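This report refers to the structure that appears directly beneath it.
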Amino acid sequence: MRRLLRPLWFLLALIFLIEAWIWERLEPVVEWLVARIPFARAKATIAAAITRLPPYATLLVFAIPGLLLLPFKLAGLWLLGKGHVIAGGGVFLLAKTVGLAVTAFLFETCKPKLMQLGWFARFYALMLRLKEWAHRQTEPARRWLRVFRARLGGQKGRLLAFVARLRRRSWRRAG
């Protein structure tokens with residue numbers, strides 16, 4: 001049974017790592033965008049308002065964007081189910097990206113208050129342990145991928161050199 005579940009655990013670990021990767025890559029982009037929004041006073045007001053809120057109200061502020069974007073994600077999945085792959089995928093990815101961006105911004109602002117909730121701090125620690133677990137689950141595949149890329153790198157160089165030689169030959173014949 002354990003052997004049968006291994007692909008499922010690998011897939012779950014991979015999905016988790018993809019989400020974590022997107023979050024990590026999106027966070028600096030969000031910080032950069034937020035820094036360029038000319039509403040510095042509004043951002044400061046939002047941050048100050050969040051610091052005045054009690055922890056559970058802060059949790060509500062943190063959860064609202066995800067709840068607001070859920071219908072758009074479901075609409076994207078519905079469109080995918082109806083065969084509208086590009087429209088559905090676009091709606092879903094846009095909602096996911098906006099959701100991650102807003103959540104990343106709010107999480108940094110809300111994190112001190114959220115960590116005051118014992119269950120949230122434990123959940124956050126669990127997510128960090130899950131990330132480490134996901135890395136361990138996918139390490140063999142990531143190691144294989146690194147080896148494959150290294151081997152492909154040499155092949156890619158040879159392939160590009162071969163294409164360049166073909167182009168030079170066809171150029172000489174044409175000229």
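As for region 35-45, it holds at least one residue that is within 21 Å of the chain's Cα centre (by Cα) and either at negative phi or open to solvent by less than 50 Å² (accessible area, probe 1.4 Å) (or both). Condition (residue is modelled with pLDDT of 90 or more, open to solvent by 60 Å² or more (accessible area, probe 1.4 Å), out of contact with any strand residue (DSSP E or B) (no Cβ under 9 Å at 6 or more places or on another chain) and over 21 Å from GLU24 (Cα atoms)) applied to region 87-96: is it met by at least one residue? No, region 87-96 contains no residue that is modelled with pLDDT of 90 or more, open to solvent by 60 Å² or more (accessible area, probe 1.4 Å), out of contact with any strand residue (DSSP E or B) (no Cβ under 9 Å at 6 or more places or on another chain) and over 21 Å from GLU24 (Cα atoms). Somewhere in region 130-146, is a residue modelled with pLDDT of 75 or more and closer than 30 Å to ALA57 by Cβ? Checked region 130-146: at least one residue is modelled with pLDDT of 75 or more and closer than 30 Å to ALA57 by Cβ.
Pairs meeting the criteria (first residue in region 136-147 and over 10 Å from LEU14 (Cα atoms), second residue at pLDDT below 75 and open to solvent by 70 Å² or more (accessible area, probe 1.4 Å), beta carbons under 7 Å, at least 6 apart or on different chains) are lacking. Only residues that are assigned to a helix (DSSP H, G or I), at pLDDT 80 or above and open to solvent by less than 50 Å² (accessible area, probe 1.4 Å) were counted in region 100-129, giving 10. Taking first residues from region 116-133 that are under 24 Å from THR51 (Cα atoms) and partners that are open to solvent by less than 100 Å² (accessible area, probe 1.4 Å) and not in a helix (DSSP H, G or I), the Cβ contacts under 8 Å between residues at least 6 apart in sequence or on separate chains come to ALA121/MET115; TYR124/MET115.
Can you confirm whether region 47-59 contains a residue that is modelled with pLDDT of 85 or more, open to solvent by 60 Å² or more (accessible area, probe 1.4 Å) and not in a helix (DSSP H, G or I)? Within region 47-59 (the criterion being modelled with pLDDT of 85 or more, open to solvent by 60 Å² or more (accessible area, probe 1.4 Å) and not in a helix (DSSP H, G or I)), the answer is yes, since at least one residue qualifies.
The values are calculated or read from the model by the stated rules, or taken from the named source; none is laboratory data. Bear in mind the structure is a predicted one, so any value in this text is a computation, not a measurement. Heads up, the Cβs are rebuilt from the backbone with ideal geometry, glycines too, and the neighbour counts pull from every protein chain shown. Ligands, DNA and RNA are excluded from the accessible area calculation, which covers all protein heavy atoms including side chains. Shrake-Rupley method; radii C 1.70, N 1.55, O 1.52, S 1.80 Å.
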